[in-house]
Each structure stands twice: as structure tokens, then as C-alpha cells.
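The values are calculated or read from the model by the stated rules, or taken from the named source; none is laboratory data. Just so you know, these numbers come straight off a predicted model, no measurement behind them. Cβ placement follows ideal geometry from the backbone for every residue including glycine, while neighbour counts extend to all protein chains displayed. Just the protein is used for accessible areas: all its heavy atoms, side chains included, with ligands, DNA and RNA removed. Shrake-Rupley method; radii C 1.70, N 1.55, O 1.52, S 1.80 Å.
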Amino acid sequence: MLDVSSYYDELHCWTRKDEGFRAFSGVEHDTVHRFLIDVETGAFSPETVHKFIDPFIPHGDFRGLDAGSGNGGTCFRNQRVHGGQWTGITISGEQLRHAQASAAARGLDGKMAFHLRSYDEPMSERFNVIVAIESLIHSVDPANTIANLATALAPGGRLVIIDDMPMGDLTDSDVRLLKAFSNYWRCPCIPSSGDWQRHAKAAGLKLLAQTDLSNLMKPRAEADLDAALADLKSQRESKIASGFGRLSDAEIGGLHLERLHTRGKMSYVMLVFAA
């Protein structure tokens, strides 16, 4: 996971450097979640995804974990809306420092804590809800990751996973594109929804809900993606020379992922499990 840590450190540094990338990343919300359409307001925002996890989060006196907390936005938002004590874990030192500084500035030191930790490391704490948004796709051993998170759930606790999951009818061209995305985004396994459900069942968890959120995205046409890819490839050499090769990987990988969504070969899915 060392390269994934450096990968997110570099993305965080570029976010602070480039205004256009800041807008894309959603850093104004302290998140880097997928932009989704809010059907009630029409807004296209990284905040929309939180509405889908709200029904599965307790209120009042409980403990929550964000497994892959990034800049801390989900912890901040959930603590404000639901209360509770929140813990965020990230393997990016840059994101950790940002989240800790933000928590201190907001006077939330007593209500949440952030740690430099992998979601594969055993945890002594027990949580009533664990949220993992676009983070578990980086797992090198998804079965082990789910088993570890399951042991951190209190009795009756909920595990909410939201991530990109491949469909089953991939052509040879789709498989090559998925492999390229996997390499660029440091996602060695890319489990399907069925894979995650099998791992969860093996860990003693029960499926409560499955929701496909793909229809709330705005993937571009392939011709537009071709033009964007050509532009990014023209910038790649200079970005690598400037020490931002991982950023270039993230941008190109993101276009490959968007193309898979355009083709209907990838879904953005929420899975909710109960201990």
C-alpha cells in the first residue's frame, strides 16, 4: 500500500496547487467523492452520496469509522448531521494533516480523531457504523479487508461500501481498458458487487441493501473522452518531469473509468451489510 499512500499524497499536493483540479476534486467539501446529481435540488456535487448513507447511520451516542477518510469530509458531515464520535483512517500523511488541522479549526477535537492507518490493520475499537466510500477498491486482498472491518463492527453494526464495480459482460476491449484503469489507479483486484457480497457473507455479515447510483453520474461521450485523453497525454511528460507522474496516472485512469461507465461496463454501487 506504500505506493497508494504516495499516490494520494501527490493528489493532495496538486489539489492545493491547481485551482481547476480543486474544483474537480471537491476539496471545498473536504472530500474527493464522485460527483452525483441530487434529484431533489439538481445540484451536481460530491455531497450527494451522503444522502444515500444517511438511513444507515445511527443518531446520538454511537461510534462511526470512515475507512479511507481522506481529508475528513465524510466524518465532518456525518458528525454534524448524526452526532456521535467519529474516527477517520487514511494512509496518506498529507490528507491526515489536512483532516487533523480542519478538525482542530472547527473545535471538533473531542468528537473525532484521524489516524494514519490501513483498513487492513486490526483495530481494537468497535464501531456501530463503518463507511468506506471509493476506498476499498485499492485493497490488495478484499476478502481480508472485509474480514478485518467486520471484526471492528459492534453487534448489529452496519458496513456501508460505495465504489466502482465492474459488470459481468466485458468484451476483450473492455477487459484491456479495465486493466489499464487498474494499473493507473492502483486497484489490483476491482471486485464486482457479487465478489463483495461473497466476502461479506464469509465474514459473517448480512446484506441489507444494494443500490446502483450510476444513473446519477454524467459520463461523457467517447468522442469527448478521446479528446480529453489526447490532451492529458500531451501533458504527461511535463507532469512526470515535475514530479507529478502519479497525478497523470490518476487523470488518465479516471478517463478510462469514465469510459467504462459510458459503455455501461462499470457501476457505481452502494452495498450495506449488517453484523
Hey, any hits in segment 201-209 for a residue that's of a type in the set (Lys, Arg), modelled with pLDDT of 95 or more and open to solvent by 30 Å² or more (accessible area, probe 1.4 Å)?
-> yes
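Which fully enclosed strands (runs of 3 or more DSSP E) of segment 103-189 have 1 or more residues being modelled with pLDDT of 95 or more, over 30 Å from Asn215 (Cα atoms) and open to solvent by 60 Å² or more (accessible area, probe 1.4 Å)?
Details: elements: 112-116, 127-133, 153-166.
Strands (runs of 3 or more DSSP E) meeting the threshold: 112-116, 153-166.
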Would a scan of segment 125-135 turn up a residue that is farther than 11 Å from Gly68 by Cβ, touching a helix residue (DSSP H, G or I) at 6+ places or on another chain (Cβ under 9 Å) and among the acidic types (Asp, Glu)?
-> no
Pair list, Cβ < 6 Å and 6+ apart or interchain, from segment 180-206 residues that are in contact (Cβ under 8 Å) with a residue 12 or more places away in the chain and under 21 Å from Asp249 (Cβ atoms) to residues that are open to solvent by 60 Å² or more (accessible area, probe 1.4 Å) and among the β-branched types (Val, Ile, Thr) = Pro188/Val140
Could you run through segment 59-81 and say how many residues are outside any strand (DSSP E or B), of a type outside the set (A, V, I, L, M, F, W, C), more than 30 Å from Arg246 (Cα to Cα) and open to solvent by 10 Å² or more (accessible area, probe 1.4 Å)?
-> 3
Tally the residues that are of a type in the set (A, V, I, L, M), in contact (Cβ under 8 Å) with a residue 60 or more places away in the chain and farther than 19 Å from Val4 by Cβ, restricting the search to segment 213-263.
-> 4
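Hey, among the residues in segment 250-275 that are out of contact with any strand residue (DSSP E or B) (no Cβ under 7 Å at 6 or more places or on another chain) and in a loop (DSSP other than H, G, I, E, B), which one's surrounded by the most Cβ atoms within 10 Å (Cβ to Cβ)?
Of all residues in segment 250-275, those out of contact with any strand residue (DSSP E or B) (no Cβ under 7 Å at 6 or more places or on another chain) come to 250-256, 258-259, 261-264.
Subsequent filtering for residues that are in a loop (DSSP other than H, G, I, E, B) retains 263-264.
Details: Arg263: 16, Gly264: 12.
Result: Arg263.
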Gly245 fails exactly one of (1) open to solvent by less than 40 Å² (accessible area, probe 1.4 Å); (2) modelled with pLDDT of 95 or more; (3) among the small types (Gly, Ala, Ser); (4) over 18 Å from the mean Cα position of the chain (by Cα), namely (2)
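So which residues in segment 36-50 are exposed (fewer than 13 other Cβ atoms within 10 Å of the Cβ) and either among the small types (Gly, Ala, Ser) or assigned to a helix (DSSP H, G or I) (or both)? Let's see the steps before the verdict.
Narrowing segment 36-50 to residues exposed (fewer than 13 other Cβ atoms within 10 Å of the Cβ): 39-43.
If the condition is that a residue be exposed (fewer than 13 other Cβ atoms within 10 Å of the Cβ) and either among the small types (Gly, Ala, Ser) or assigned to a helix (DSSP H, G or I) (or both), then Gly42, Ala43 are the ones that fit.
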